[in-house]
Amino acid sequence: MARIIVITSGKGGVGKTTTSAALAMGLAQRGKRTVVIDFDVGLRNLDLIMGCERRVVYDFINVINQEANLNQALIRDKRCDHLYVLPASQTRDKDALTKEGVGRVLDELSQSYDYIVCDSPAGIEHGATMAMYYADDAIVVTNPEVSSVRDSDRMLGILSSRSRRAENNDEPIREYLLLTRYNAERVDVGEMLSVEDVQEILSLTLLGVVPESKAVLTASNNGIPVILDRESDAGQSYADMVSRYLGEEVPHRFIHAEKKGFLSRLFRG
Amino acid sequence: MAVNQHKSVAEAHRPFELKAANFTLPILRLFDNNVEAVAARLGAKVEKAPDFFRNTPVVIDLGMLPPGSGAIEFPLLVGLLRGYGMIPFGVRGGDKEQNTAAEALELAILRESYVRRGNGGDESKGGDERETAAEDESRPAASEPAQTAAPPRLSSQGFMLVKRPVRSGQRVYASGGDLTITAPVSSGAELMADGNIHVYGPLRGRALAGMNGNLEACIFCQDLQAELVSIAGHYRVSEHIPIELRGVPVQIFLDQKILRIEKL
């Protein structure tokens, strides 16, 4: 049986798709059979971030409507054999996601994969609730600012009441916090919420802190999950996140601003 | 009527009898679901004739709200009306969602035809009117609105214990008892209880104790950062909570119908 992970936030633009791509790639690189599903019907982006937009023939909705089978719709990643992408439809609307249809597809995927990563759309509407309904784990992506924190909090409330696990009175969804677009310098001068501030409000297990980084945009534009950019701080922190998700103890990095040394100050101004 | 009275004297051993009666009641007809706008206008009205509204039962009419205007903040509205001495006891003309919200506050749902029959007779306390509603045989579902709203987690002892964080947008209502939370309560969350509320963690949302009008109800919390606290409809918003009482353990209670917050 696969473990179903939903990447969610409530607020848009916080880095859900970037995180989904990075997590899926990270799990696959460790030999886990992984599929990542784009639930953002009508505004699909995951295929772009994964760099497989030209290979989309059938999509998630086709599979739900039984117009295509899973093998026709799944796109195998060219960089990693264990990773598959199930793209969203760009032409339908979110109502095409039915609870039964999504459940059937996830059941079928569960037979042959270890992890199913669900990239949730922003908001708390139908698409987002469908993405989280069947989840076992939830990674709540939050930016260190008040509106994002509040939306995440709202999302956590919905997670604990409107999921399959909640309805069946099973063990609740495991909830993790991922802070993205974190700028340690701005935190130090009090312009941004700190890790501690966010933790105090949300009180969740911290899975990682991803610093604001130019590498993320560059990677997205090139269709490469940022986790593959091992030189960048964002890539490294996503790799740490995957390790922590798999139960390894990894110290948090990039939380505090680096003290600029005398020489670097001299040369960089 | 005289014959009836005579009969009841003759059969005095019966502890009660069920009768239908009609009352004329003031109706608060909402055109807007913005409770703050209602509060402003109502304040002005009550000021002119404060005695007129004292202990007056009121029906909230939702029929004139623009369709799709969404949820109404019933706890706030009911608190507001109670604050002015009125006794809001029922709603009419609401949609399903509004009715459910009203039932959660133990407001009776009055059917249109039933309300319209009201003709002559004295104003009465809310309780009497609800009795009449119960007698209306054509509408058995309305007889116990409070019971259908009872949350599943309420234990038989009449209290409710929540161990997980109460998140923004969540509502917890302990009907007929105390509510205890052993986790943080986020801003935008709403706690309601007919009895006391205890929060062992930061309270950042709203807490409304004594929902059924119990003036003895209290709120206890370890770390007060609430948006709003209310006891039996007497409320205070965060900007009126003194800074030295924020972030510390406090108890909140009514003293001569004045809401007081004291350090513990």
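The values are calculated or read from the model by the stated rules, or taken from the named source; none is laboratory data. A quick note: this is a predicted structure, and the numbers were derived from the prediction, not measured. Backbone-built Cβ (ideal geometry, glycine too); neighbour counts: all protein chains shown. These accessible areas exclude ligands, DNA and RNA; they are computed on the full protein's heavy atoms, side chains included. Shrake-Rupley method; radii C 1.70, N 1.55, O 1.52, S 1.80 Å.
I'd like to compare B:62-71, A:228-237, B:31-40, A:140-149: which one has the highest average count of other Cβ atoms within 10 Å, and what's the full order after that?
Details: B:62-71: 11.7, A:228-237: 18.6, B:31-40: 14.5, A:140-149: 21.9.
Going by the mean number of other Cβ atoms within 10 Å, highest first, we get A:140-149, A:228-237, B:31-40, B:62-71.
Looking at region B:167-191, which residues lose a minimum of 40 Å² of accessible area between their chain alone and all protein chains in place, measuring with a 1.4 Å probe and not counting ligands or nucleic acids?
At a threshold of 40 Å² (probe 1.4 Å), the residues of region B:167-191 that become less exposed are B:R167, B:S168, B:Q170.
Compute the Kirkwood hydrodynamic radius of chain A, taking the inverse of the mean of 1/r over all pairs of distinct Cα atoms, and give it in Å to one decimal.
Numbers: mean 1/r = 0.0533 Å⁻¹.
Result for chain A, one decimal place: 18.8 Å.
Quick one: work out the % antiparallel among DSSP beta bridges in chain A, nearest 5.
Of all bridge pairs located within chain A, approximately 5 percent are antiparallel.
Let's test the formula: R0 of 30 Å, r as the Cβ-Cβ distance of B:Q256 and B:F52. What FRET efficiency results, to the nearest 0.05?
Computed FRET efficiency for B:Q256 and B:F52 comes out at 0.85.
Please list, by residue number, every one of the trypsin sites (Lys or Arg not before Pro) in region A:29-101 that is coil in DSSP and has at most 11 other beta-carbon atoms within 10 Å.
A:K78
Report the Cα centroid-to-centroid distance between region A:112-149 and region B:49-76 in angstrom, as an integer.
After rounding, the separation between the Cα centres reads 38 Å.
For region B:65-74, in order, what is each residue's ³J(HN,Hα) by Karplus, 6.51 cos²θ - 1.76 cosθ + 1.60 with θ = phi - 60°, in whole Hz (x at glycine and Pro)?
Each residue's phi maps through the Karplus curve to give 5, x, x, x, 6, x, 6, 10, 7, 4 Hz.
For the protein assembly as shown, what is the charge dipole size about the Cα centre, in debye to the nearest 20, if Lys and Arg each add +1 at the Cβ and Asp and Glu each add -1 at the Cβ?
Rounded to the nearest 20 debye, it is 620 debye.
Measure up A:K11/B:K263; B:K19/B:K45; B:K19/B:K96; A:K11/A:K214 against 32 Å on the Cα-Cα distance and list the ones that go over.
Result: A:K11/B:K263; B:K19/B:K45 exceed 32 Å.
Applying a 10 Å radius around every beta-carbon, put A:103-109, A:10-16 in order of their mean neighbour count, most first.
A:10-16, A:103-109
Only bridges whose two residues both fall in region B:159-263 count here: according to DSSP, what percent of them are antiparallel, nearest 5?
Numbers: 13 of 38 bridges.
Close to 35 percent.
Considering chain A as a Gaussian network with a 10 Å cut-off on Cα pairs, which listed residue, A:T34, A:T218, A:T129, attains the greatest mean-square fluctuation?
A:T218
Over chain A, what is the relative contact order in whole percent, taking alpha-carbon pairs under 8 Å and six or more residues apart?
Answer for chain A is 24 percent.
Using the scaling law 2.2 N^0.38 Å as the reference, what is the normalised Cα Rg of the protein assembly as shown?
The protein assembly as shown yields a ratio of 1.19.
So how strong a dipole does region B:159-263 carry about its Cα centre when Lys and Arg Cβ are +1 and Asp and Glu Cβ are -1, to the nearest 20 debye?
280 debye
How well do other chains shield peptide A:7-20, expressed as the mean number of their Cβ atoms within 10 Å of each residue Cβ? Mind showing how you got there, number by number?
Details: counts 0, 0, 0, 2, 0, 0, 0, 0, 0, 0, 0, 0, 0, 0.
The shielding value for this peptide is 0.
With n ≥ 4 as the cut-off for DSSP H runs, can you work out [θ] at 222 nm for chain A, using -39500 (n - 2.57) per run divided by the number of residues, rounded to the nearest 500?
It lands at -11500 deg cm²/dmol.
Using 1/(1 + (r/R0)^6) with R0 = 30 angstrom and r between the beta carbons of A:E125 and A:R30, what's the FRET efficiency to the nearest 0.05?
Efficiency for this residue pair is about 0.35.
Sequence gap at least 6, Cα distance under 8 Å: using those rules, report the relative contact order of region A:1-133 to the nearest whole percent.
About 42 percent, as a whole number.
Going 7 Å from the Cα of A:Q111 toward and past its Cβ, which residues in region A:117-148 have a backbone nitrogen under 15 Å from where you end up?
It comes to no residues whatsoever.
Apply 1/(1 + (r/R0)^6) to the Cβ-Cβ distance of B:A40 and B:A71, taking R0 = 30 Å, and write down the FRET efficiency to the nearest 0.05. Don't skip to the answer; put the middle values down first.
Details: r = 20 Å, r/R0 = 0.67.
Step by step, r from the Cβ atoms, then E = 0.90.
Under 18 Å from a point placed 7 Å out from the Cα of A:E248 along the Cα-to-Cβ direction: which residues of region A:180-218 have their backbone N that close?
Taking a point 7 Å out along Cα→Cβ of A:E248, the residues of region A:180-218 whose backbone N falls under 18 Å are A:206-210.
Can you grab the distance from the C-alpha centre of region B:228-264 to the C-alpha centre of region A:1-75, Å, no decimals?
49 Å
Averaged over its residues, how many other protein chain Cβ atoms are within 10 Å of peptide B:200-207's Cβ atoms?
Per-residue shielding by partner chains comes out at 1.
Straight distance only, please: which aspartates and glutamates reach the Cα of A:K32 with their own Cα at less than 15 Å, same-chain residues fewer than 8 apart left out?
A:D77, A:D81, A:D114
Over the whole of A:155-161, what's the average partner chain Cβ count within 10 Å per residue? Rounded to a whole number, please.
5
Just grab the label-to-label distance for A:R54 and B:T24, each label 7 Å out from Cα along the Cβ direction, in nm (one decimal).
8.2 nm
Once you keep just the Cα pairs under 8 angstrom separated by 6 or more residues, what percentage relative contact order results for region B:159-263? Let's see the in-between values first.
Values: 328 pairs, mean separation 19.2, N = 105.
Relative contact order comes out at 18 percent.
Select from A:L46, A:G31, A:T98 the residue farthest towards the positive end of the dipole of region A:1-151; place +1 on Cβ of Lys and Arg, -1 on Cβ of Asp and Glu, and compute about the Cα centre.
Projecting each Cα onto the dipole axis, the largest value belongs to A:G31.
Report the Stokes-Einstein translational diffusion coefficient (µm² s⁻¹, integer) for region B:159-263, Rh taken as the Kirkwood radius over Cα pairs, at 4 °C with viscosity 1.567 mPa s.
100 µm²/s
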